[in-house]
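Since the structure comes first, as structure tokens, the remarks are kept for the end.
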Amino acid sequence: MTLDIAIRKAATLKPKPAEDSLGFGRYFTDHVFVMDFAPDHGWHDARIVPNEPLGLEPAAAVLHYAQAIFDGLKAFRGADGRVRTFRLDDHCARLNRSAKRLCMPPIDPGWLHESIVELIRVEQDWVPRGSGTALYIRPTMIASEAFLGVRPADRYTYFVLLSPVGGYYSSKKDPVKIWVEMRHVRAAPGGLGGVKAASNYAASLPAAEEAKQRGFDQVLWLDALEHRWIEEVGTMNLFVRIGDEVLTPPLDDTFLAGITRDSVLRLLRDWGTKVTERRVSIDELRHAHAHGDLAEVFGTGTAAVISPVGLLGFPDGALTIGDGKAGPVAQRLSDALTGIQYARAEDRHGWMMPIT
Ligand code: PMP
């Protein structure tokens, strides 16, 4: 069943920001997609409307008990001028997994797909052209019922925001400095870490602030039970290269199953690189570093794509990774992924979907 979308255009359009100073998540396009859920109607009233305040009641459940989820993906303007999304349906599937975990009503995957495609079509002039730029897409679902009992709400709002973005950390691929977090925890077994629940990000703020005060960009999260096994880095999945083997921890419910992580694993396997999903302890990393074998550490995620780590900070000092610059595997992955995303290279896996 196709989605019937009503379109109400903004009377005046905003000026577009300069492409060399977009930053991340600071500018929003003229329109949003919105759809409501009510018990008798299911998901209904799909519309593309000017980007205006949502009009939530102060008692809306999301404002009290954080029943809120989102996802994040990008559309790119290719070398040929056409706009394409990267792994759109995988992101839609993840949004529905997040919805399920927070007792929220899933949305027909075809409808999710259409909500994003149709909004980008309306806003296609907002997809930037500059190197490293993209249109960031933020599908979000919140509990909008005005009710203060603790139970799943019976009314929800789903909306999609679009934001033209530059690089996440910086436009240059300078390696990031990461503090190894021994006290704060991102995700515990049985908790919410496996999905994109808004509350995960609120909970992560003190650790990131403390890391910044120490002069680091982000934290490396360890497991909640033993504070020993490496998990994720900031809002990215984590890869390390020890000698000629690339390692990443296997997924369980304390990891967000990153779509960039999955893409990286597929590329490495295509290339015949030795790559293993297994648990890696912080002691193993320190040991490998002491023996000169810790060749690369990098994060993977939609915002920064590949983010090389140049420094790992511990209470007793910091370890420089490799020569403190992006390593060869991180660089090759970054080139390969951005080559596919900007349609400079063949899309063998069918990750890109043309919108225009
Ligand atoms: N882990 C967390 C906690 C994240 O927020 C993200 C960003 N979505 C990732 C990993 C990377 O996921 P992806 O590659 O799908 O963007």
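Brief remarks follow.
- Residue order, fewest to most surrounding Cβ atoms within 10 angstrom, among 82, 26: 26, 82
- For segment 176-341, convex hull of alpha carbons as volume per residue, Å³: 105
- Converting phi to 3J(HN,Hα) with the Karplus coefficients 6.51, -1.76 and 1.60 and the offset θ = phi - 60°, segment 156-162 yields 9, 10, 10, 9, 10, 10, 10 Hz in sequence order, with x at every glycine or proline.
- Build a GNM of the chain with springs between Cα atoms under 10 Å apart, and of 40, 252, 217 the one that fluctuates most is 40.
- A run of the chain free of exposed loop cleavage sites, with GluC sites (Glu not before Pro) counted only in DSSP states other than H, G, I, E and B and at most 16 other beta carbons within 10 Å, reaches its longest extent at 1-225.
- Note on segment 157-254: antiparallel DSSP beta bridges, both residues inside, total approximately 65 percent of the bridges counted.
- Of the trypsin sites (Lys or Arg not before Pro) in segment 137-236, those whose Cβ has at most 14 other Cβ within 10 Å and which sit in DSSP loop: 172, 183, 214, 228
- Under 5 Å from the amide H of residue 22 lie the amide H atoms of 166, each residue being 5 or more positions distant or on a separate chain, with H modelled from the backbone and absent for Pro and chain starts.
- In a reduced charge model with +1 at each Lys and Arg Cβ and -1 at each Asp and Glu Cβ, the chain shows a dipole moment near 540 debye about its Cα centre.
- Dimensions (Å) - the chain, Cα atoms, principal axes, largest first: 62, 51, 35
- In the chain, helical runs assigned H by DSSP with n ≥ 4 each contribute -39500 (n - 2.57); averaged across all residues and rounded to the nearest 500, the mean residue ellipticity at 222 nm is -7000 deg cm²/dmol.
- Fully extended contour minus Cα-Cα distance, from residue 356 to residue 253, at 0.36 nm per residue: 33.4 nm
- In order along segment 68-84, the Karplus-derived 3J(HN,Hα) couplings, from 6.51 cos²θ - 1.76 cosθ + 1.60 at θ = phi - 60°, round to 8, 9, 7, 9, x, 9, 10, 10, 10, 8, x, 4, 8, x, 7, 9, 9 Hz, and Gly and Pro are given as x.
- Lysine-lysine proximity count for the chain, Cα under 15 Å, sequence distance 8 or more or distinct chains: 5
- In this calculation the C-beta distance from residue 7 to residue 316 is compared with R0 = 56 Å, giving a FRET efficiency of 0.40.
- Label separation (residue 344 vs residue 150): 5.2 nm, computed from points 7 Å beyond Cα along the C-beta direction.
- Rounded FRET efficiency, nearest 0.05, which uses the C-beta distance separating residue 54 from residue 245 and R0 of 51 Å: 0.60
Every number here is computed from the coordinates shown, using simple stated rules; none is lab data. Everything numeric here is computed off the predicted structure, so don't read it as measured data. For neighbour counting, all protein chains shown are included, and Cβ atoms are generated from backbone atoms with ideal geometry for every residue, glycine included.
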